[in-house]
Amino acid sequence: MESLGELFTYFLQNLINALQRGSFYAVISIGYSMVYGVLMLFNFAHGDIFMVGTYIGFGIATLLLAAFASILPGWTIFIGTVVITMFLASWIGVFVEVAGYRPLRSAPRASAAITGLMIGIIFETGILIMLGAKRLSFPPLMESVTYNIGGVFLTNVKVMIIIISLLLMIALQFFIQKTKWGMAMRAMSYDFLAVPLMGVSINIIAPLTFAIGAGLASVSGILYGQAYPILDPYMGVIIGWKAFVAAILGGRGSIKGAALAGYLLGFIEIFVATIFPSTLRDLIAYSIILLILTYRPRGFFGMEHSTKLRL
Amino acid sequence: MQLKVENLEVSYGNIKALHGVSFSVDAGEIVTIIGANGAGKSTTLRAISRMVPSAPGSVLEFNGQDILKYSADKVVAKLGISHVPEGRRIFGNLTVTENLTLACFARKDTDQIAKDLKWVFDLFGRLEERKDQLAGTLSGGEQQMLAVGRAFMSGRKIMLLDEPSMGLAPLLMLDMFDALKEINKTGTTILLVEQNARLALKFAQRGYVIENGTLVLEGKASDLLDDPEVKKAYLGA
Ligand SMILES: Nc1ncnc2c1ncn2[C@@H]1O[C@H](COP(=O)(O)OP(=O)(O)OP(=O)(O)O)[C@@H](O)[C@H]1O
Ligand SMILES: [Mg+2]
C-alpha cells in the first residue's frame, strides 16, 4: 500500500510529463485552429509542416553547432536555432498557402482537404528522397540536468519546453489582440467576405496565418527534438492528427481553446496510461474526447458560424 | 464624370442578374438606384466594389481608371471606393473602435486617421459612448451607424450604400440620412441603393430605376418623385 505522500509525488511526476506533452499539442494545434478560424479550412498538411520544421531545426542546429559550439555559449546557439528555424519554416507555411490552397479558395472544401493530405505526402516523400530512410538524431542544444525535488524528477529540458511553449502562446495572443494584422485575422474569422471591403488583402492575411502556424510548429519541433531526439519523415502524422483533435475540441478558430484542449489531451493521455495498459491509451483517451464533443459539439470556445456565405 | 458604368453584366452561375447596366455619377453628387427585391441593386454595387466578377465587355471606370484592374481590397485602398454592404456586416467580435481602425488597414496617413475617427464619433455620438463595446452587442441602428462610419474611414472618394435605412425606426432613418448628408458635404460622392424609394428620391439629386437587371428610367430625383409610373410602382400612390 502506497502512502499518500508517494501517491502525491507520483501524481506530480505525471503532471509534469502531461504538461510537457500538452505543450506540444497546444502549440501545434494552434496552427490548425488559426487557419481554420481565418480561412475555414483544415490544413491537413499541418502535421507534416511540423515534421519539415523539425528537420529544418535539425539542419540549423547541426550547422550552428558545427560552426559555433566552441566559441559561443550554448544558449545563443539555441536561440539562433529557434529564430532561424522559425523564419525558414514560416516560408514553408506561406508556400503551402500560395501554391496549395490559394488556387482552391472558391473550390469545395473537400478539394482543399485532399490537397492538404497530398501536400503532406509530398513533404514526407520529399524528405525521404533527400535524406534517405535512415533515422536522424536531433542534437541536444543544452546539457540535460535532472533535479530531484522531493522525489519528483524534473529536467531542465522539460522546464524549458513548458516555459517556451507558454511564452510562444502569450506572444501570439498579444499579436492577435494588439496588432492590426491580428485584428484582421479576428475579423476574418467572423466574416471573411466583408474583410476586403476594409481594404485588407486576404492574400496577405492568409499566408501570414499559415506562416505563424508553421513558425510555431517548427519551434515545437525543435523542443520535441530535445525531448525525443529521433527524427523520421512520418513523425508529423500522429501528432498532427492529435493536434487536429485538440483544435476541434478547443472550438472553431479559438486559440485559447486549442491551447487548453492541447493541454487537456496531454493530461488525458498521460493519466490514462497510468491506470490502463498503454496499448489501450489512445482508445480510451479519444473515447473521452468523443464523449466531451457529444455534449459540447462546438468544442470549448467554438463560435457559431456568423458568416453568411455571400455578400 | 467620376464613376462610369457601361454595359455591366453580372451572372451568378447560370442566372443573369444584370443585363447591361449603364449609368454614371459625378464627383460630389448624391445618386440613387431604386428598385424592387431582386432587381439587381446590390449586385450593381458588388460589381463596382469587385466583390462579384463582371462579364467581359462590362466597363467600370473611376476617375478614368479601369476598376476591373483592381482587386476588391485595392478598390477600397487605392481608389477610395467604400461600400456599406447589405446587412451591415460589421465584425461582431471586434470592438467599435477596432471595427473603425480595421477599416484604415491600408492607410498610412496616421494624423488624418485620428481626425477622421474623431469626426465619425462626433457624427455618431452613440458610437463614441460605446467605443469599447463589442460591435455584436450594438443595436441594429447602432450597427448601421458603425457600418457607415467604417466605410467613411476606409475610403473617402465615393461611398456605395446598400439600403442604409433597412431595419431602422423612422426617426433613426432620418438621422441616418442627415449623417449621410454630412458625409457628402466633406466631398464624398454617394451612390445609394434603396427599396425605400420615397426617402431615397428626396435625399438624392438624381435617380435611376432598375427592374430585372435593367435600368428602365432615369432623371432628376424630383422628377422621378412626380413620375406617374414611379408613383404607382414604388411610392405606393
Ligand atoms: N450570391 C448569389 N447567388 C445567386 N444568385 C444571387 C446571388 N446574389 C443575388 N442573386 C440573384 O441576383 C438577382 C439580383 O439580386 P440582388 O441582390 O442584386 O437584388 P437587390 O435588388 O439587391 O434585392 P433586395 O432589394 O432584395 O436586396 C436576384 O435574382 C438574386 O436572387
Ligand atoms: Mg439588395
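Within 10 Å of each Cβ in A:180-192, how many Cβ atoms from other chains are there, averaged over the peptide?
4
Inter-label distance, B:Glu182 to A:Ile292: 4.9 nm, where each label sits 7 Å from its Cα along the C-beta direction.
Answer rounded, prolate or oblate for chain A, using the Cα gyration tensor with square roots of eigenvalues a ≥ b ≥ c: rounded when a/c is under 1.5, else prolate when a/b is larger than b/c, else oblate. Could you put the intermediate results ahead of the total?
Working: a/c = 1.74, a/b = 1.26, b/c = 1.38.
Note, shape of chain A comes out oblate.
Which percent, to the nearest 5, of DSSP beta bridges fully inside region B:3-234 are antiparallel? Each step should come with its number before you reach the end.
Values: 21 of 40 bridges.
Here the antiparallel bridges make up roughly 50 percent for region B:3-234.
Counting every C-alpha pair in region B:59-119, the share spaced more than 16 angstrom apart comes to 56%. Placing R0 at 22 angstrom, the Cβ-Cβ distance between B:Lys157 and B:Lys118 gives a FRET efficiency of 0.60 after rounding to 0.05. Our note on the geometry: Cα centres of region A:139-173 and region A:212-281, 16 Å apart.
For chain B, what is the mean residue ellipticity at 222 nm derived from helices alone (per DSSP H run of n ≥ 4: -39500 (n - 2.57); sum divided by total residues; nearest 500 deg cm²/dmol)? Don't skip to the answer; put the middle values down first.
On the way: 10 runs with 91 residues, N = 237.
Result for chain B, helices only: -11000 deg cm²/dmol.
Shielding of peptide B:144-152 by partners, expressed as the average count of other chain Cβ atoms within 10 Å per residue Cβ, is 1.
State the Cα centre-to-centre distance between region B:2-61 and region B:150-166 in whole Å. So the two Cα centres are separated by 16 Å.
For region A:129-235, report the translational diffusion coefficient in µm²/s to the nearest whole number, using Stokes-Einstein at 25 °C, 0.890 mPa s, and a Kirkwood Rh over Cα pairs.
Numbers: Rh = 17.0 Å.
For the chosen part, D equals 145 µm²/s.
Neighbouring Cβ atoms from other chains, within 10 Å of the Cβ of residues in A:228-237, number 0 on average. The antiparallel fraction among DSSP beta bridges confined to the protein assembly as shown stands at about 60%. For the pair A:Trp241 and A:Phe174, the difference between a 0.36 nm per residue extended length and the Cα-Cα distance amounts to 21.4 nm. Counted over the protein assembly as shown with a bin width of 10 Å, the fraction of Cα pairs per bin, in whole percents, is 4, 16, 23, 20, 15, 11, 7, 3, 1, 0. A simple spin-label model places the labels of A:Ile122 and B:Glu61 4.3 nm from each other, with each point 7 Å out along Cα-to-Cβ.
Placing unit charges on the Cβ atoms of the charged side chains and taking the dipole of the protein assembly as shown about its Cα centre, the candidate lying farthest along the positive direction among B:Gly92, A:Gln177, B:Leu199 is A:Gln177.
Report Rg(Cα)/(2.2 N^0.38 Å) for region B:3-234, keeping two decimals. It would help to have the intermediate numbers written out before the result.
On the way: Rg = 17.1 Å, N = 232, 2.2 N^0.38 = 17.4 Å.
Normalised by 2.2 N^0.38 Å, the Cα Rg of region B:3-234 equals 0.98.
Helix check for chain A. Which DSSP H runs span at least 18 Å along their own axis by Cα, with a mean Kyte-Doolittle hydropathy no less than 0.0?
Details: long enough: A:4-39 (50 Å, 0.86); A:46-68 (32 Å, 1.47); A:74-95 (32 Å, 1.85); A:109-131 (33 Å, 1.70); A:156-178 (32 Å, 1.86); A:202-227 (37 Å, 1.39); A:235-250 (23 Å, 1.86); A:255-275 (30 Å, 1.70); A:281-295 (22 Å, 1.53).
Taking the DSSP H segments of chain A (at least 18 Å long, mean hydropathy at least 0.0), we get A:4-39, A:46-68, A:74-95, A:109-131, A:156-178, A:202-227, A:235-250, A:255-275, A:281-295.
To make sure I understand, if each residue's beta carbon is the centre and we count other beta carbons within 10 Å, what order do B:Phe62, A:Phe192 fall in, fewest to most? Mind showing how you got there, number by number?
Details: B:Phe62 23, A:Phe192 19.
Exposure proxy ranking, most exposed first: A:Phe192, B:Phe62.
Contact order, relative form, for region A:164-311: 25 percent (alpha carbon pairs under 8 Å, 6 or more residues apart, mean separation divided by residue count).
Charge dipole (Cα centre; +1 on Lys/Arg Cβ, -1 on Asp/Glu Cβ; no other charges) of the protein assembly as shown amounts to roughly 240 debye.
Say R0 is 41 Å: what FRET efficiency, to the nearest 0.05, do A:Ala69 and A:Leu12 get from their beta-carbon distance?
On the way: r = 35 Å, r/R0 = 0.85.
Once the sixth-power term is evaluated, E becomes 0.70.
How many angstrom separate the Cα center of region A:1-70 from the Cα center of region A:119-138? Rounded to whole Å, the Cα centres lie 20 Å apart.
Sorted fewest first by neighbouring Cβ atoms within 10 angstrom, A:Ser220, A:Ser137, A:Ser106, A:Ser90 come out as A:Ser106, A:Ser137, A:Ser90, A:Ser220.
For region B:133-237, the Cα-based Rg and Dmax, in that order, read 14.8, 47 Å. State whether region A:1-87 is rounded, prolate or oblate according to the following rule on the C-alpha gyration tensor (a ≥ b ≥ c being the square roots of its eigenvalues): a/c under 1.5 gives rounded; otherwise a/b larger than b/c gives prolate, and the remaining case gives oblate. The shape class here is oblate.
Read-outs throughout are calculated quantities, based only on the coordinates presented, and are distinct from any laboratory measurement. In this text, all values refer to a predicted model and were calculated from it rather than measured experimentally. Virtual Cβ from ideal backbone geometry, glycine too; neighbours counted across all protein chains shown.
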